[in-house]
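Quick notes on the structure that follows.
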Amino acid sequence: MNETGMPDPSQPSARSMVRYGILMFVCALSMITYLDRACITAAQTPIMTALGLQSRDQLKWVFSAFALSYALFDVPSGWLGDVFGPKKVLIRIVLWWSAFTALTGLAGMSIGGFYIGVGALIVIRLLFGMGEAGAYPNITRALHNWFPVAERGRAQGAVWMSGRIMGGLTFVIFGILFSGIKALGIEPLMSWRWAFCLFGAIGVVWCLIFALWFRDRPEQNRRVNEAELAWIRSNAAETQASRPRVPWGQILSSRNLWLVCLMYFCLAYGWYFNMTYLTGYFEDRYAVADNSILANLYKGGPLLLGAVGCLLGGILTDRYVRRTGDRRKGRRLFGVIGLSSASVVFVICYFASPRVSEPLVLAILLALTGFFADLTMPSAWSVCQDIGRRYAAIVAGFMNMVGNLAGFLLPQVSGAILRHSKESYSAAVGIPVGSLTKAQIAEGLVPGYETNFLIFAAFFAVGAVCWLFIDASRPVARE
């Protein structure tokens with residue numbers, strides 16, 4: 001107790017722990033987000049078969065469609081969360097994207113005489129991305145409302161760790177559901193189409209529980225005691241409810257905002273390889289099987305090891321800020337370390353790929369790129385709270401929008417590089433592209449993958465330079 005007889009907020013034992021319940025909810029949401037994002041990557045081989053496609057670069061618009069609509073609607077959804085609170089917005093988001101996750105399972109079918117081909121699948125993925133847009137900006141808004149500055153990095157780290165773990169495990173889960181495990185004698189449990197329906201249903205269940213339990217602000221939850229409320233508001237930049245009037249001019253003219261956006265564009269460009277062509281790399285380069293747990297761990301390795309990077313990055317940035325009080329250096333340091341290290345490892349991948357015949361070596365190297373890239377994620381999203389303050393979801397929406405424009409660009413550029421690689425191989429062996437065998441196509445694509453590794457290294461290096469100029473102590477708008 002303090003001098004007033006009230007619980008002392010400086011003593012952890014005096015505080016209720018309701019904010020950790022909030023963290024559990026948004027971590028679960030992050031897991032569902034990545035489950036539904038990664039399942040199309042895990043299912044790309046059966047989807048190609050259902051659609052009659054011969055090469056992975058033919059899916060580039062399917063991959064890009066999600067990232068484009070997700071990017072375009074991130075800022076409006078973030079604005080809605082800042083103005084009306086994250087609860088209503090998140091429920092709308094999850095219900096919408098869950099429906100289109102289930103509809104993705106219709107690819108290659110005819111419904112009422114209408115064939116769900118590549119064009120229809122692109123539309124479904126556009127609508128899926130539109131629905132999911134704003135999920136992480138509104139999670140950031142919720143964390144801003146419920147966590148003090150000293151715990152923001154760890155909270156963001158836990159959110160991204162949860163998403164990355166599920167994203168990595170999706171390859172294993174999908175493999176078990178659709179392909180079984182041959183070594184253990186486990187037969188497939190359901191078709192890949194029903195797997196999409198199952199994943200969509202999980203989001204609906206989350207919405208029902210979230211609607212009953214979640215409150216936008218700690219003041220609205222009777223289980224929050226005075227000590228926890230005082231701790232949440234300690235050293236917080238904002239204690240009032242959000243205002244609908246937004247100083248767009250100040251926000252859009254902020255040098256800090258655009259540096260953060262450019263940094264995140266560079267980070268996302270290299271990272272989106274994990275959600276698009278990474279599966280194809282291991283299947284084309286090393287002919288790994290779909291029903292092998294080890295093979296699916298190779299595909300999910302950057303996400304799984306990235307989860308460790310997310311958690312560690314959150315702990316490290318919060319520890320630095322707590323000990324020194326310097327948010328500027330505390331966010332910047334781990335951003336520079338993470339992206340510069342990821343750049344170096346991708347250069348190693350470029351030189352190692354044509355020389356290494358064992359997939360395990362490249363799996364470890366690519367997993368390390370995920371670890372180092374994700375080491376910077378808690379700092380990036382904490383910066384959105386630091387500089388955004390009461391406009392945290394809007395700033396996060398801008399950053400995520402620009403990052404996902406990179407996600408739109410990568411399948412197009414990487415797909416064009418892979419197509420050129422295949423066509424060059426075709427010309428070299430004197431066989432028309434349409435007459436190449438599956439093994440020859442795989443061999444022809446390998447140089448394209450290696451070129452992409454070098455491009456990813458360059459983007460990560462530029463992102464590391466951006467971190468040198470980002471100032472987490474400078475808000476985007478005057479209070």
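The values are calculated or read from the model by the stated rules, or taken from the named source; none is laboratory data. These numbers were taken from a predicted model, which means no experiment stands behind them. Note that we place each Cβ from the backbone using ideal geometry, even for glycine, and neighbour counts take in every protein chain shown.
Scanning segment 244-290 for residues that are closer than 30 Å to Gly85 by Cα and outside any helix (DSSP H, G or I), which turns out modelled with the lowest pLDDT? Out of the qualifying residues, it is Pro244. Checked against the criteria, Arg125 does not count as modelled with pLDDT of 85 or more and either surrounded by fewer than 20 Cβ atoms within 10 Å (Cβ to Cβ) or under 20 Å from Thr376 (Cβ atoms) (or both). Ala287 passes every criterion in (1) surrounded by fewer than 19 Cβ atoms within 10 Å (Cβ to Cβ); (2) farther than 19 Å from Gly444 by Cα apart from (2). Of the numbered criteria (1) more than 30 Å from Gly388 (Cβ to Cβ); (2) surrounded by fewer than 21 Cβ atoms within 10 Å (Cβ to Cβ), the one Thr41 fails is (2). Does Gly448 fit the bill of being buried (at least 17 other Cβ atoms within 10 Å of the Cβ) and within 22 Å of Ala458 (Cβ to Cβ)? Considered against the rule, which asks whether it is buried (at least 17 other Cβ atoms within 10 Å of the Cβ) and within 22 Å of Ala458 (Cβ to Cβ), Gly448 comes out as yes.
Out of all the residues in segment 303-324, is one or more surrounded by fewer than 19 Cβ atoms within 10 Å (Cβ to Cβ) and under 30 Å from Ser179 (Cβ atoms)? Within segment 303-324, one or more residues are surrounded by fewer than 19 Cβ atoms within 10 Å (Cβ to Cβ) and under 30 Å from Ser179 (Cβ atoms). Name the residues in segment 102-151 that are among the aromatic types (Phe, Trp, Tyr) and without any contact (Cβ under 8 Å) to a residue 12 or more places away in the chain, would you? Scanning segment 102-151 gives Phe114, Tyr115. Of all residues in segment 420-436, those satisfying the criterion of being under 35 Å from the mean Cα position of the chain (by Cα) and without any contact (Cβ under 8 Å) to a residue 24 or more places away in the chain are Glu423, Ser424, Tyr425, Val433. Is there a residue being surrounded by fewer than 23 Cβ atoms within 10 Å (Cβ to Cβ), in contact (Cβ under 8 Å) with a residue 40 or more places away in the chain and over 22 Å from Leu303 (Cβ atoms) anywhere in segment 366-383? Looking for residues that are surrounded by fewer than 23 Cβ atoms within 10 Å (Cβ to Cβ), in contact (Cβ under 8 Å) with a residue 40 or more places away in the chain and over 22 Å from Leu303 (Cβ atoms), one finds none in segment 366-383, hence no. Quickly run through segment 246-278 and pick out the residues that are within 19 Å of Gly370 (Cα to Cα), out of contact with any Cys (no Cβ under 6 Å at 6 or more places or on another chain) and among the aliphatic types (A, V, I, L, M). Of everything in segment 246-278, those that are within 19 Å of Gly370 (Cα to Cα), out of contact with any Cys (no Cβ under 6 Å at 6 or more places or on another chain) and among the aliphatic types (A, V, I, L, M) turn out to be Leu267, Ala268, Met275, Leu278.
Looking at this structure, is Phe459 within 30 Å of Thr49 (Cα to Cα), surrounded by 13 or more Cβ atoms within 10 Å (Cβ to Cβ) and modelled with pLDDT of 95 or more? Spell out how you get there, then give the answer.
On the way: within 30 Å of Thr49 (Cα to Cα): no; surrounded by 13 or more Cβ atoms within 10 Å (Cβ to Cβ): yes; modelled with pLDDT of 95 or more: yes.
No: the conditions fail for Phe459.
For segment 52-85, filtering for residues that are farther than 23 Å from Ser421 by Cα, out of contact with any Asp or Glu (no Cβ under 7 Å at 6 or more places or on another chain) and in a helix (DSSP H, G or I) leaves 18. Which one is farthest from Tyr281 (Cα to Cα), of the residues in segment 342-369 that are outside any helix (DSSP H, G or I) and among the polar types (S, T, N, Q)? My answer is Ser357.
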